[in-house]
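Asker: Questions regarding the structure given below will be posed in turn.
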Amino acid sequence: QKEVEQNSGPLSVPEGAIASLNCTYSDRGSQSFFWYRQYSGKSPELIMSIYSNGDKEDGRFTAQLNKASQYVSLLIRDSQPSDSATYLCATQGGTALIFGKGTTLSVSS
Amino acid sequence: SQTIHQWPATLVQPVGSPLSLECTVEGTSNPNLYWYRQAAGRGLQLLFYSVGIGQISSEVPQNLSASRPQDRQFILSSKKLLLSDSGFYLCAWSGTGLDYGYTFGSGTRLTVV
């Protein structure tokens, strides 16, 4: 059974701080990794994708991938109250994406 | 640009009633289509996926079914709803490569009473 594990949180950070969200996956053959943001009551939206070991930056977001450790992370710099949401990690599980249960982030002003 | 439409947004149905949720995609051809369910406090569970017209794969045995009558149309159905069918139903599409992330529709909140 291919699995994606995330700490459910909540992760609480003050406004302006760096939020660090972590994810591990069980399938060593996974090649594609995605981070989604889901606001309460809304559908998930794709914010980052990463395919190679190392860092990928997009604005305030940085995704980090370590395939040897089967570990993916998302850093959010200068966190804003509008970043408060549930963040879902996903990886390609052959036929479809497999999602973690998500980490809830709360940014306080 | 590609857009995905899903309706209805909210649905309250009695136990034993039928269900039909519809999803359509615009601006692309031959998309991969998916139905996921998100129950309260739980992760996204893949229900069905389709790589083409009439081609449906089921991931979880249940009283739900899916159909793809047209290239960009995906329908989720049930003949008799159970209380356990309550949840947030999400349709998604992707390109045909394995490296594509999914784009989700706005979802249907189903409450079975």
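Asker: Under 20 Å from a point 7 Å along the Cα-to-Cβ line of residue A:69: which residues of the range A:1-20 have their amide N that close?
Answerer: Hits in the range A:1-20 for residue A:69 at 20 Å: A:3-9, A:11, A:18-20.
Asker: Between chains A and B, what is the buried accessible area summed over both chains (1.4 Å probe, protein heavy atoms, nearest 100 Å²)?
Answerer: Working: alone 5810 and 6070 Å², together 10450 Å².
Looking at A and B, the buried total is near 1400 Å².
Asker: Still on this model: In the full protein assembly as shown, how much of residue A:42 is accessible to a 1.4 Å probe, in Å² to the nearest 10?
Answerer: 120 Å²
Asker: Something else now. Could you work out how much longer the chain between residue B:29 and residue B:96 gets when fully extended? Use 0.36 nm per residue separation minus the Cα distance between them, nm to one decimal. Each step should come with its number before you reach the end.
Answerer: On the way: separation 67, 0.36 × 67 = 24.12 nm, distance 1.00 nm.
Separation in residues times 0.36 nm, less the Cα-Cα distance, equals 23.1 nm.
Asker: Starting from the Cα of residue B:77, step 7 Å toward the Cβ, then list every residue of the range B:11-43 with an amide N under 20 Å from that point.
Answerer: Residues B:11-25, B:33-37 qualify, since their backbone N sits under 20 Å from the label point.
Asker: Taking a ≥ b ≥ c as the square roots of the Cα gyration tensor eigenvalues, with a/c under 1.5 meaning rounded and otherwise prolate when a/b beats b/c, else oblate, which class fits the range A:7-87?
Answerer: Prolate, because a/c is 1.5 or more and a/b exceeds b/c.
Asker: Could you tell me the extents of the protein assembly as shown's C-alpha atoms along the three principal axes, largest first, rounded to whole Å?
Answerer: 49, 36, 35
Asker: Compute the orientation-averaged projected area for the range B:17-98 from the convex hull of its Cα atoms and round it to one decimal in nm².
Answerer: Its average projected convex-hull area is 5.5 nm².
Asker: If you don't mind, there's one more thing I want to ask. State the cysteines of the protein assembly as shown left without a partner when partners are defined as other cysteines whose beta carbon lies under 4.7 Å away.
Answerer: none
Asker: What percentage of the solvent-accessible surface of chain A, computed with a 1.4 Å probe over protein heavy atoms, is contributed by carbon and sulfur atoms? Write out the running numbers ahead of the final one.
Answerer: Numbers: 2340 of 5090 Å².
In chain A, the share of accessible area belonging to carbon and sulfur is 46 percent.
Asker: Sticking with this structure for a sec: Hey, any idea what % of chain B's accessible area is carbon plus sulfur with a 1.4 Å probe? Each step should come with its number before you reach the end.
Answerer: On the way: 2820 of 5360 Å².
Taking all protein chains in place, chain B shows 53 percent carbon and sulfur surface.
Asker: Now for a separate question. Given the C-alpha centroids of the range B:31-88 and the range A:6-25, what is the distance between them in whole angstrom?
Answerer: 31 Å
The values are calculated or read from the model by the stated rules, or taken from the named source; none is laboratory data. Everything numeric in this text was worked out from a predicted model, so none of it was measured. With ideal geometry, Cβ positions are generated from the backbone for all residues, glycine too; neighbour counts draw on all protein chains shown. Keep in mind that these areas ignore ligands, DNA and RNA; they rest on the heavy atoms of the full protein, side chains included. Shrake-Rupley method; radii C 1.70, N 1.55, O 1.52, S 1.80 Å.
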